[in-house]
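What follows is one structure encoded as structure tokens, with my remarks underneath.
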Amino acid sequence: MESEPFEREKHVTFLEMMYRLLPHQYQTQEINRLTLAYFVVSGLDLLRALHRIDKDAVADWVLSLQARPSDSDQVNNGQFYGFYGSRSSQFSPQDDNNGASSSGISNLASTYCALAILKIIGYDLSSIDSELLLKSMRNLQQPDGSFMPIHTGAETDLRFVYCAAAICHMLGNWSGMDKERAKEYIINCQSYDGGFGLTPGAESHGGAIYCGITSLRLMGFLEEDVLSKNVSSSIVNVPLLLVWCLQRQAGDGGFQGRPNKPSDTCYAFWIASVLKILGGHKLIDQNALRGFLITCQSQYGGFSKFPGDLPDLYHSYYGFTAFSLLEEPGLNPLCVELGMTDLAAIGI
């Protein structure tokens with residue numbers, strides 16, 4: 001029996017709806033509005049429908065969320081001058097001693113999403129004050145090589161190492177981080193089973209593996225298609241990692257994020273991307289994976305986390321990326337390291 005089709009036009013309509021007005025269920029995600037916008041813009045680019053949005057309006061909105069010091073004396077005050085996650089994030093609910101509102105806090109994840117959006121729509125990133133952004137980003141790197149997402153302190157793990165590496169790569173300037181220290185932190189996150197945890201000693205997780213491997217690739221410490229070369233010279237244990245990733249494809253064809261967990265749409269991107277970097281993506285049962293993803297495709301457009309659930313923007317985007325990796329007709333090729341199309345990644 002012929003499998004169901006990938007409903008490209010319905011997916012475009014789904015993203016267009018999200019572009020115009022987010023449903024009320026996303027109110028709790030207001031502080032992550034830039035991230036949601038990244039899913040929409042990059043998703044439309046993957047679906048070859050980027051012309052459906054007003055690129056100038058998008059650029060103006062993203063640039064309005066950039067953090068800037070109020071005067072030159074504050075440049076070296078330890079604050080991170082990246083991008084705020086949303087309009088409300090630009091303002092702090094707490095007042096200072098004079099009753100005036102203090103500035104909000106920009107963060108690494110929103111900064112990655114902001115630069116990715118601008119790159120996707122063709123904005124010239126050289127117009128951004130990258131020196132200020134990168135100089136202040138170094139304040140977030142810790143002695144062990146990890147990164148905090150905000151300058152006031154928070155958890156440190158591989159997610160924010162990836163954001164820092166992607167930011168430096170997109171800006172073409174690595175002054176924002178100590179690559180050697182970051183490399184050592186990533187290596188220390190590889191576990192005995194071959195996978196990577198978000199922190200050293202943590203349980204191996206598909207998302208953590210993506211962050212670690214793509215960071216090493218962006219920083220130039222890991223060759224592409226390493227399986228076709230001398231894996232013994234790699235800085236990570238490639239054979240164990242390959243086995244861990246391949247074992248995550250479950251009996252229903254989908255990928256699970258950890259052992260003994262149900263298959264989830266998003267891991268078709270997180271884990272398949274790692275396999276592509278390693279050169280092991282041809283070992284995936286692609287027909288089975290496509291079959292699982294189709295069961296998560298909504299009749300109204302978009303993808304859900306599990307079969308039968310309602311679609312959401314996060315899993316929809318990673319459903320689109322997964323189909324791009326499966327070379328679905330009508331989709332643009334994906335640059336897995338940056339999470340955008342190849343054309344956007346190289347600036348065409």
Connecting every pair of Cα atoms under 10 Å apart in the chain and solving the GNM, the largest mean-square fluctuation among LEU334, LEU283, LEU325 falls on LEU283
Using alpha carbon centers only, region 332-348 is separated from region 107-141 by a whole-angstrom value of 17 Å
Taking the alpha-carbon centre of each part, the distance from region 238-277 to region 303-327 in Å is 15 Å
Rounded to the angstrom and largest first, Cα extents along the principal axes for region 124-235 equal 41, 31, 21
Compactness summary of region 1-91: radius of gyration and Dmax from Cα atoms, Å, are 17.4, 68
HIS205 neighbourhood, Cβ < 15 Å, K/R = +1, D/E = -1, net charge -1
GNM on the chain, Cα springs under 10 Å; top mean-square fluctuation among PHE221, PHE39, PHE80 goes to PHE221
Treating only Lys and Arg (+1) and Asp and Glu (-1) as charged, each at its beta carbon, one finds that region 205-276 has a dipole about its Cα centre, in Debye to the nearest 20, of 120 debye
If every Lys and Arg gets +1 and every Asp and Glu gets -1 at its Cβ, then about the Cα centre the chain yields a dipole, in debye to the nearest 20, of 260 debye
Here, LYS282 and ASP129, labelled 7 Å along Cα→Cβ, have an inter-label distance in nm of 5.0 nm
With Rg from the Cα atoms and Rh as the Kirkwood inverse mean 1/r over Cα pairs, the chain has an Rg/Rh of 0.96
Most fluctuating of SER316, SER273, SER175 in the GNM of the chain (C-alpha, under 10 Å) is SER175
Taking R0 as 35 Å and r as the Cβ-Cβ distance between LEU240 and PHE306, the FRET efficiency 1/(1 + (r/R0)^6), rounded to the nearest 0.05, comes to 0.75
With label points set 7 Å from each Cα along the Cα-to-Cβ direction at TYR192 and ARG52, the distance between them in nm comes to 4.9 nm
The simple spin-label model distance between THR28 and THR152, using points 7 Å out along Cα→Cβ, in nm, is 2.1 nm
Relative contact order in percent for region 297-348 (Cα pairs under 8 Å, 6+ apart) equals 18 percent
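Bear in mind these aren't lab numbers, they're just calculated from the coordinates by the rules spelled out. The structure displayed is predicted, hence computed values, not measured ones. Heads up, the Cβs are rebuilt from the backbone with ideal geometry, glycines too, and the neighbour counts pull from every protein chain shown.
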